[in-house]
Amino acid sequence: MRASLEQPDRDFLAELHRRGQVSISELCSAMKVTATAVRQRLVRLQAAGLVDRNVVRGERGRPHYLYGVSQEGLNRLGDNYRELALLLWDEIQQIEEPDLKSRMVNKLRQSLVKAYGESVRSENTGERMEELRRGLARRGFDVELKAGAAEGLLPVLRENACPYHELAMKDSSICDLEETVFSEIVGVPIRRSQCCRDGHSCCEFAPVG
């Protein structure tokens, strides 16, 4: 999960993609904005890896630059899976055969453990919590660790924004799945001590034992 594109950036990338490789002056004409505004946005989107700049050298005169949407930019333009995720989860929950449903959920759990836990290497539980936090943050999760309720207790993982809010409001089993995934990655039982679904401002996951 990555941080979503702001709508102005999404609109800019979509316009750039429609026009292919273009110059700043062409973008200014197409979008009816100043060269300064176009340059500032291009610099920022280049730094984020969403725009490529290619130099064009002619037989005469100075070289000039053309801009286009990068592969990562194309990925982000199509990065709107909310409805698909809702439909797929709903289909899984409607499977009537218990064994088949269990296998589907377990496959999903294994995939999430592999994805979210790929950089968790430490043998120390507290350090594994921090490695999990960093891995989730790289994927766009708004997460932090807070100290345990008492001295010597393991830290608590806090999600300041539920990554599956719409799913969770329909079906709490997605929360149970996330709890299981975190437990498997960290290596100790993890339990939700707070949940956005229950009206809290954040979700908190505390190690047990």
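The values are calculated or read from the model by the stated rules, or taken from the named source; none is laboratory data. None of the values given here were measured: they were computed from a predicted structure. Heads up, the Cβs are rebuilt from the backbone with ideal geometry, glycines too, and the neighbour counts pull from every protein chain shown.
In the range 98-119, of all residues being of a type in the set (Ser, Thr, Tyr) and within 26 Å of residue 76 (Cβ to Cβ), the one that is surrounded by the most Cβ atoms within 10 Å (Cβ to Cβ) corresponds to 116. The single condition from (1) of a type in the set (A, V, I, L, M); (2) surrounded by 12 or more Cβ atoms within 10 Å (Cβ to Cβ); (3) over 17 Å from residue 177 (Cα atoms); (4) out of contact with any helix residue (DSSP H, G or I) (no Cβ under 8 Å at 6 or more places or on another chain) that residue 77 fails is (4).
Against the numbered list (1) touching a Ser or Thr at 6+ places or on another chain (Cβ under 6 Å); (2) farther than 30 Å from residue 26 by Cα, residue 52 comes up short only at (2).
Table: residues versus (1) in the same structural domain as residue 86 (by TED's automatic domain parsing); (2) in contact with a Cys (Cβ under 7 Å, 6 or more places away or on another chain); (3) surrounded by 14 or more Cβ atoms within 10 Å (Cβ to Cβ); (4) not β-branched (Val, Ile, Thr).
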site	(1), (2), (3), (4)
121	yes, no, no, yes
126	yes, no, yes, yes
133	yes, no, yes, yes
136	yes, no, yes, yes
156	yes, no, yes, no
174	yes, no, yes, no
178	yes, no, yes, yes
182	yes, no, yes, yes
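If I ask for residues that are exposed (fewer than 13 other Cβ atoms within 10 Å of the Cβ) and under 19 Å from the mean Cα position of the chain (by Cα), which ones from the range 50-74 would you list? The answer is 71, and nothing else. Only one entry of 68, 61, 49 meets the criterion of being modelled with pLDDT of 90 or more and at positive phi, and that entry is 49.
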